[in-house]
Structures are given as C-alpha cells and as structure tokens.
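Q: Let me begin by handing over the structure; questions about it come next.
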Amino acid sequence: MAKCPACAQDVATPFFLNADAWRWLVCPHCAARLERKNPRSAATLMPLFIVLIAVGGQGHRYALAAEALMVAIAVVILVEFMRPQLQLRKPLPKPEITLNINGSSN
Ligand SMILES: [Zn+2]
C-alpha cells in the first residue's frame with residue numbers, strides 16, 4: 001500500500017518486480033497516473049556494497065564486519081522496494097539542474 005500524492009488515499013501497489021503493472025498504475029480514487037519513486041538507497045548504497053566486498057577480502061575479521069554491513073544494506077534496499085513511494089507521472093521529465101546560460105552576475 002502507498003499513498004496517492006494527488007488525493008492522499010491508499011493505493012494498492014503491484015509487486016515491485018511487476019514492471020508492466022507499474023507502467024499502467026492509476027489511482028482508483030482520482031484517476032491520476034502514478035509511478036514509483038526511484039529508491040534513493042539503492043543508488044547510494046550500491047557503491048558502499050562494492051567497497052565492502054573489497055574490504056571483506058582483507059582478512060577474517062574484516063570479512064565478518066563487511067558481511068554484517070552487507071546484510072544490513074540489503075535489508076534497507078529490500079524494504080524500500082517493498083514499501084514504494086508514489087509520485088505523479090509527468091508527460092515530460094524536467095531536468096533537475098537548470099543551466100544558467102546567460103551567466104547573470106550578482
Ligand atoms: Zn488519487
């Protein structure tokens with residue numbers, strides 16, 4: 001279950017691997033077209049995951065610590081996938097960074 005960002009009502013979300021169901025997800029209350037927010041944790045924790053694999057090769061003690069951290073990271077990523085956040089589907093994605101081409105000086 002997730003909240004619709006348009007009408008704040010509960011929306012039943014498909015299983016996180018069901019990409020086709022996600023593509024056609026529409027709020028049953030207000031008919032807003034919805035999509036899943038990209039989980040931030042997966043993008044930020046993946047590099048750390050790779051570092052931990054390298055650290056794990058340094059010795060038995062490091063391997064145990066790295067393994068515990070890797071399990072924790074995997075759980076965080078899994079929870080984010082199982083509890084998705086919804087956002088309104090936009091016709092065109094807006095760039096997050098806008099370039100100031102004119103270069104106005106303060
Ligand atoms: Zn809605």
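The values are calculated or read from the model by the stated rules, or taken from the named source; none is laboratory data. The structure presented is a predicted model; accordingly, all values stated were derived computationally and were not measured. Here the Cβ is made from the backbone with ideal geometry for all residues, glycine too, and neighbour counts use every protein chain on show. Quick note on the areas: whole protein, heavy atoms, side chains included, nothing else; ligands and nucleic acids left out. Shrake-Rupley method; radii C 1.70, N 1.55, O 1.52, S 1.80 Å.
Q: Condition check: charged (D, E, K, R) and either open to solvent by less than 60 Å² (accessible area, probe 1.4 Å) or touching a residue at least 40 places away in the same chain (Cβ under 8 Å) (or both). Does Arg23 satisfy that?
A: Values: charged (D, E, K, R): yes; either open to solvent by less than 60 Å² (accessible area, probe 1.4 Å) or touching a residue at least 40 places away in the same chain (Cβ under 8 Å) (or both): no.
Here the answer is no, as Arg23 does not meet what is asked.
Q: Can you say whether Leu78 is open to solvent by less than 60 Å² (accessible area, probe 1.4 Å) and out of contact with any helix residue (DSSP H, G or I) (no Cβ under 8 Å at 6 or more places or on another chain), as far as the supplied structure shows? Walk me through it before giving the result.
A: Values: open to solvent by less than 60 Å² (accessible area, probe 1.4 Å): no; out of contact with any helix residue (DSSP H, G or I) (no Cβ under 8 Å at 6 or more places or on another chain): yes.
Spelling it out, it is not the case that Leu78 is open to solvent by less than 60 Å² (accessible area, probe 1.4 Å) and out of contact with any helix residue (DSSP H, G or I) (no Cβ under 8 Å at 6 or more places or on another chain).
Q: Which condition does Val11 not pass, out of (1) surrounded by fewer than 16 Cβ atoms within 10 Å (Cβ to Cβ); (2) under 14 Å from Leu88 (Cα atoms); (3) among the β-branched types (Val, Ile, Thr), if it passes all the others?
A: (1)
Q: Something else now. Considering only residues of region 52-75 that are open to solvent by less than 60 Å² (accessible area, probe 1.4 Å) and among the β-branched types (Val, Ile, Thr), which is farthest from Arg40 (Cα to Cα)?
A: Taking the candidates together, the pick is Val55.
Q: Turning to a different aspect of this structure: Checking Pro5 against (1) open to solvent by 40 Å² or more (accessible area, probe 1.4 Å); (2) part of a strand (DSSP E or B); (3) not hydroxyl-bearing (Ser, Thr, Tyr), which single condition isn't satisfied?
A: (2)
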